[in-house]
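To keep things clear, I will list the structure first and then write my remarks on it.
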Amino acid sequence: LLDWVKYKGNPVLVPPPGIGVKDFRDPTTAWTGPQNGQWLLTIGSKIGKTGIALVYETSNFTSFKLLDGVLHAVPGTGMWECVDFYPVSTKKTNGLDTSYNGPGVKHVLKASLDDNKQDHYAIGTYDLAKNKWTPDNPELDCGIGLRLDYGKYYASKTFYDPKKERRVLWGWIGETDSESADLQKGWASVQSIPRTVLYDKKTGTHLLQWPVEEIESLRAGDPIVKEVDLQPGSIELLRVDSAAELDIEVSFEVDKVALQGIIEADHVGFSCSTSGGAASRGILGPFGVIVIADQTLSELTPVYFYISKGADGRAETHFCADQTRSSEAPGVGKQVYGSSVPVLDGEKHSMRLLVDHSIVESFAQGGRTV
C-alpha cells in the first residue's frame, strides 16, 4: 500500500435521490452477503430528523447497488456519521470477524450523532436475508440509549484483528483548547488509546471496553500497591515519580451495613453532569481517585463513584469525571462527565484510569461504562 493510482470512475458512490449531498458519508467495513461473491456495507445518513443506515451491495468495490429499505432508522436522532456495524459473541471471550453470524451472536449498531457529537450504540439481532437489524431493547435503541463513552469522545470505528482474534476500537478525543493554543502546541485533538470490545454477558445490555494489552508494556517498574480505609471527606496521598503518565487500577468495597441501613439517600435522580461535581457531597459519595493535582489542590481532576438511593431503597451507582477544577487556564472545557453504571451483586466498585498528560481515560466495572 505504498503506490496509489486514483480510480477514473471516482466517486464510486453518490447520494441516492432524496438524500442531501452532505448527508452521506463514512462507509463501514464490508461483510459477506447471503449470495456468493456478494459484499455489503452500510453508510450513515438522515431523512429529516431521522437517522438512518443505508446498505449497499457490491461484488467488485467499484460498482454499488443500494438495497431496498434501510438497515435501521431512529427518529429524532439526526445525521448518523461514522456508522459501525459488527458482531459480538454472547458465549466466547474473543472478538469476531465482521462477516461472522449465527447462533450465539449479537450485532452492535453504533452511530456518531452529528447533532450533539456523541457516539451511541445498541445491541440487537441482524437478519442477513431481510437486511434488517432490530434492537434487543427499543428503549436502548441506537441514538437514544447507551453511549460508547460519556466524555469528550467521537467518530469512533472498530476493526477486527485476526491475529489476536479481537475487535479493536479507535476514537477521537476532541480537546477544548483555543485555536491559538493549538497552534502554539502544534496539534489539535488526539486519538484515544485503542480498546478491545466484548459483549457484557453479565448485563446482556452493555459492551465491555478495555485498553489493549499492549498498553501494559508501557508500565515501568513494580506497581505501587496501597490499601486504605477511606473516611468521609478524607484524601489519601499516593506518591509517584510522575503524575502525568499513570495506569491506575483501584477497587472500593463499600460498607454494606451503611449501604443497607440508609433508607433514602440525598440526590435522588442524581446526574453527573448536573450534580455540581466532586465537591457536592452526599451520604454515599463521592469516592474515587484525584489525578493531575497540584500541591495545593487548586488544580485537580476527580474521577469518582456516587451512589444515589431512592425512596424505594434501590441504589444506583454513577461514574463521573469532574473537569471543573482541572485547569486554571481560561477558555477550556470544564464540565462534569459521566453516567450511571450497573454494579451487580458481588461486584466491588472498580475503575481503571489511563492518565496521559492532557487526557484521562476512565473505565468503570471492567469497561461497562467509560
Seminar exercise, completed: Counting only residues in region 342-368 that are within 16 Å of Pro302 (Cβ to Cβ) and of a type in the set (Val, Ile, Thr), the one surrounded by the fewest Cβ atoms within 10 Å (Cβ to Cβ) is identified as Ile359
For this session: Please name all residue pairs, on different chains or six or more residues apart, with Cβ atoms under 7 Å, provided the first residue is in region 352-368 and is modelled with pLDDT under 95 and the second residue is polar (S, T, N, Q).
Result: none
Problem set entry | Checking Cys320 against (1) under 30 Å from Glu179 (Cα atoms); (2) in contact (Cβ under 8 Å) with a residue 40 or more places away in the chain; (3) in a loop (DSSP other than H, G, I, E, B), the condition it does not meet | (3)
Problem set entry | Among residues of region 117-126, those that are touching a Pro at 6+ places or on another chain (Cβ under 9 Å) and crowded, with 16+ Cβ neighbours inside 10 Å, counted | 4
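Within region 309-339, restricting attention to residues that are among the β-branched types (Val, Ile, Thr) and at pLDDT 90 or above, which residue is farthest from Ile173 (Cα to Cα)? Walk me through how you get there before you give the answer.
Our first condition is that a residue be among the β-branched types (Val, Ile, Thr); within region 309-339, this holds for 317, 324, 332, 336.
Narrowing further to those that are at pLDDT 90 or above: 317, 324, 336.
Details: Thr317: 25, Thr324: 18, Val336: 16 Å.
Out of the qualifying residues, it is Thr317.
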Exercise. Of all residues in region 144-187, how many are farther than 20 Å from Asp26 by Cα, surrounded by fewer than 18 Cβ atoms within 10 Å (Cβ to Cβ) and not basic (Lys, Arg)?
Worked result: 16
Exercise. Mind checking which residues of region 159-185 are under 25 Å from Cys320 (Cα atoms) and either without any contact (Cβ under 8 Å) to a residue 60 or more places away in the chain or not charged (D, E, K, R) (or both)?
Worked result: Val168, Leu169, Trp170, Gly171, Trp172, Ile173, Gly174, Thr176, Ser178
Exercise. Mind checking whether some residue in region 3-22 is surrounded by 16 or more Cβ atoms within 10 Å (Cβ to Cβ) and modelled with pLDDT under 95?
Worked result: yes
For this session: Considering every residue within region 299-319, establish whether at least one is surrounded by fewer than 21 Cβ atoms within 10 Å (Cβ to Cβ) and of a type in the set (Val, Ile, Thr).
Result: no
Seminar exercise, completed: Within region 23-50, residues being more than 21 Å from Asp114 (Cα to Cα) and open to solvent by 60 Å² or more (accessible area, probe 1.4 Å) number 4
Problem set entry | Which listed residue, of Asp84, Asp68, is modelled with pLDDT of 95 or more and not in a loop (DSSP other than H, G, I, E, B) | Asp84
For this session: Considering each residue of region 82-116, count those that are surrounded by fewer than 17 Cβ atoms within 10 Å (Cβ to Cβ), farther than 18 Å from Trp133 by Cα and not basic (Lys, Arg), and give that number.
Result: 4
Exercise. Are any of the residues in region 211-224 surrounded by 14 or more Cβ atoms within 10 Å (Cβ to Cβ) and in contact with a His (Cβ under 8 Å, 6 or more places away or on another chain)?
Worked result: no
For this session: Give me a count of the residues in region 51-80 that are surrounded by 21 or more Cβ atoms within 10 Å (Cβ to Cβ) and among the small types (Gly, Ala, Ser).
Result: 2
Exercise. Out of Glu253, Glu347, which single residue is among the charged types (D, E, K, R) and touching a Lys or Arg at 6+ places or on another chain (Cβ under 6 Å)?
Worked result: Glu253
For this session: Could you tell me whether region 52-67 includes any residue that is out of contact with any helix residue (DSSP H, G or I) (no Cβ under 7 Å at 6 or more places or on another chain) and farther than 22 Å from Leu13 by Cα?
Result: no
For this session: Only residues that are among the aliphatic types (A, V, I, L, M) and either open to solvent by less than 70 Å² (accessible area, probe 1.4 Å) or in a helix (DSSP H, G or I) (or both): list them for region 269-289, please.
Result: Ala278, Leu284, Val289
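Here is a yes/no grid of residues against (1) in contact with a helix residue (DSSP H, G or I) (Cβ under 9 Å, 6 or more places away or on another chain); (2) under 25 Å from His206 (Cβ atoms); (3) in a loop (DSSP other than H, G, I, E, B):
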residue: Ala293; (1), (2), (3): no, no, yes
residue: Asp312; (1), (2), (3): no, yes, yes
residue: Glu316; (1), (2), (3): no, yes, no
residue: Val343; (1), (2), (3): no, yes, yes
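Out of the residues in region 345-370 that are hydrophobic (A, V, I, L, M, F, W, C) and assigned to a strand (DSSP E or B), state the one that is nearest to Ala188 (Cα to Cα).
Ile359
For (1) modelled with pLDDT of 95 or more; (2) assigned by the TED database to the domain that holds Asp136; (3) more than 22 Å from Thr317 (Cβ to Cβ); (4) hydroxyl-bearing (Ser, Thr, Tyr), each residue gets a yes or a no:
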residue: Lys157; (1), (2), (3), (4): yes, yes, yes, no
residue: Lys164; (1), (2), (3), (4): yes, yes, yes, no
residue: Gly171; (1), (2), (3), (4): yes, yes, yes, no
residue: Ser178; (1), (2), (3), (4): no, yes, yes, yes
residue: Trp187; (1), (2), (3), (4): no, yes, yes, no
residue: Tyr199; (1), (2), (3), (4): yes, yes, no, yes
residue: Glu236; (1), (2), (3), (4): no, no, no, no
residue: Ala243; (1), (2), (3), (4): no, no, yes, no
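The values are calculated or read from the model by the stated rules, or taken from the named source; none is laboratory data. These numbers were taken from a predicted model, which means no experiment stands behind them. As a convention, Cβ positions derive from the backbone with ideal geometry for all residues, glycine included, and neighbour counts pool all protein chains shown. These accessible areas exclude ligands, DNA and RNA; they are computed on the full protein's heavy atoms, side chains included. Shrake-Rupley method; radii C 1.70, N 1.55, O 1.52, S 1.80 Å.
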